[in-house]
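Derivation of every value follows stated rules applied to the coordinates shown; laboratory data play no part. Quantities reported herein were computed from a predicted structural model and do not represent experimental measurements.
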Amino acid sequence: MLLDRSYSRAEYRPVHQLVVDAYICQHPAGTSRREAQSTALCLMTLCLFCEDPADPADPADGPWLHAMMMRGRPDFFHHLDPPDLTGLLTHREVLMARSASEHARLARAWAGSVWSAWEPQHAVVREWVARACGDVVGRGGRRPRR
């Protein structure tokens with residue numbers, strides 16, 4: 001239902017990547033290479049959105065960032081033990097939004113709470129961002145504009 005909102009209504013789309021990344025990082029899958037890589041990419045994007053900040057309002061930045069992170073098929077991502085994720089905001093609170101602006105505010109709060117919960121792993125995630133993106137990612141985590 002939450003993804004349907006951002007796919008079907010343009011005014012909800014600006015924070016789509018935050019919603020995807022927050023959900024995946026709040027519900028990390030298993031320990032396989034693919035599952036670890038999925039969580040790693042979403043943690044890296046949350047890092048850029050919450051700390052740098054990259055602009056989640058540009059819907060193209062999320063997929064572009066994920067593509068940059070995977071260029072050269074990096075082999076350094078590994079499973080991270082998830083923190084205690086109970087008591088955080090969830091997608092349920094975001095679904096209660098009555099407007100696009102409230103949706104965006106709640107999605108940003110949710111993403112921030114999920115990123116904060118992963119604090120014990122922040123140094124690892126920041127290192128991954130540096131290794132995967134290097135100087136390709138411009139100021140604020142944004143891709144260089146043409």
Once phi is turned into ³J(HN,Hα) by the Karplus curve 6.51 cos²θ - 1.76 cosθ + 1.60 with θ = phi - 60°, what whole-Hz value does each residue of the stretch 78-89 show in order, with x for glycine and proline?
8, 4, 10, 5, x, x, 5, 10, 7, x, 7, 4
With n ≥ 4 as the cut-off for DSSP H runs, can you work out [θ] at 222 nm for the chain, using -39500 (n - 2.57) per run divided by the number of residues, rounded to the nearest 500?
-17500 deg cm²/dmol
So what J values fall out for the stretch 26-38 if you push phi through Karplus, 6.51 cos²θ - 1.76 cosθ + 1.60 with θ = phi - 60°, rounded to Hz, Gly and Pro as x?
7, 10, x, 6, x, 10, 5, 4, 5, 5, 5, 5, 4
Sequence gap at least 6, Cα distance under 8 Å: using those rules, report the relative contact order of the chain to the nearest whole percent.
32
